[in-house]
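> Before anything else, here's the structure in question.
Rule-based calculations on the coordinates, nothing more; no lab input. In this text the structure is predicted, and so the values were computed from the model without any measurement. Glycine also receives a Cβ, built like all others from the backbone with ideal geometry; neighbour counts cover every protein chain displayed.
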Amino acid sequence: MRGLPLLISVGSLFAIAAFGQEKAGKPGTTPTADALEPSASPDSPPPPPATPAPVVETAKPALRGAMVRLSDFGTDDVAYLSIPDSPPVAAVVLVPGMWGLDDWIKLSADRLARQGFVALAVDLFNGQVPTDARIASDLERGLRGESTFRVIRAGIRFVRESPRFRTDRVALMGWEIGAGFVLEMLLTEKGIDAGVLFYGPLELDRGKLAKLKVPVCGIYGDRDPSIPREELLRFTKIVEEEHKPFDLHVFPAGTSFADPRSAGFDPVSAEAAWNMAAHFLDHHLAESVSSKKDGGWRDLFRMSEKK
């Protein structure tokens, strides 16, 4: 089980970055403008105004998936489906956090699809995507346990039972409050093969944690005020003493550090965390698909979708 030593390895990334910045130029060593510009005569005309540099906007990656309805699997809610180019190794159901089913969650599903998974991101907010933290908090407070679990169960049924494709192994991946729902389902539901938790509430009841049977990858920030360090250490102690298959990774980061819409977004830690989660899914879910035919799998999917 990997644990807190990760703080050292990830922290070294920041040390390297800081060293590179220092080598690039220390404060006070940059020549001043007066030193670079020739002295001007009092009779010289004023210089023309500087032309502002053009603003270059980064193009948003195109989404590769599509919205689907889960009405045949227990709920009328919609979800975002992204499928791989070759026969899938397994499926991942994504459960968003406070920002709902936004483009970033959809792009995360696309990343998983490129990795070989059928990825389905469920919608907990009935089609609403919050535009600020106040609206997000209001939507979170409106969530009800059983109705939320029904949506997640419908997502699991979709990837297991859809006539268009079937996957034998399913993982859940959640963020923030979504990770809390995922953890509860991992402790109480059957038919789930693995889980990935990006922060979110911890379960400190030893009796409940004793029920954990499937491997879990937990990713947390050591400067997240919503998860006190004492609780994280206690949680770690319980899963270790109970010999649970829980890979815990702690990063030198704050609240919701892996989400670009969060004020605490840390791109270096976020990418490292994603790579760990992706490796975990590969290790625990990937299966041989050599017996399945690769050619035209996406075309077959489209043809069956039209029926």
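> Taking 7 Å along the Cα-to-C-beta vector as the label spot, tell me the residue 206-residue 231 distance in nanometres, rounded to one decimal.
2.0 nm
> Over all alpha-carbon pairs of segment 77-149, lay out the pair-distance distribution in 10 Å bins, whole %, shortest bin first.
Answer for segment 77-149: a P(r) of 22, 45, 25, 8, 0 percent.
> Using θ = phi - 60° and the Karplus form 6.51 cos²θ - 1.76 cosθ + 1.60, what ³J(HN,Hα) does each residue of segment 256-268 get, whole Hz, x for Gly and Pro?
6, 5, 8, 9, x, 8, 8, 5, x, 4, 10, x, 5
> In whole Hz and in residue order, list the ³J(HN,Hα) couplings for segment 188-199 that follow from phi through the Karplus curve 6.51 cos²θ - 1.76 cosθ + 1.60, θ = phi - 60°; x for Gly and Pro.
10, 10, 9, x, 10, 9, 6, x, 10, 10, 9, 6
> While we're looking at this one, here's another question. Between their Cα atoms, which of 190/237; 190/213; 106/211 are more than 21 Å away from each other?
190/237; 106/211, as the Cα separations exceed 21 Å there.
> In addition: Output needed: percent of Cα pairs per 10 Å distance bin for segment 175-229, bins running from 0 to the one holding the longest distance.
Using 10 Å bins, I get a P(r) of 24, 57, 18, 1 for segment 175-229.
> Starting from the Cα-Cα distance between residue 283 and residue 134, subtract it from 0.36 nm times their residue separation and give me the gain in nm to one decimal.
Residue separation times 0.36 nm, minus the Cα-Cα distance, leaves 49.8 nm.
> Here's a follow-up. So if the hydrodynamic radius of segment 91-192 is defined as the Kirkwood radius over C-alpha pairs, what does Stokes-Einstein give as its diffusion coefficient at 37 °C and 0.692 mPa s, in µm² per second?
Reported coefficient: 237 µm²/s.
> Note down the net charge around residue 253, summing +1 for each Lys or Arg and -1 for each Asp or Glu among other residues with Cβ under 10 Å from its Cβ.
Here the charged neighbours net out to -2.
> Please list, in chain and number order, the residues 5+ apart from residue 196 or on another chain whose amide H is under 5 Å from its amide H, with Hs placed from the backbone.
172, 173, 174, 217
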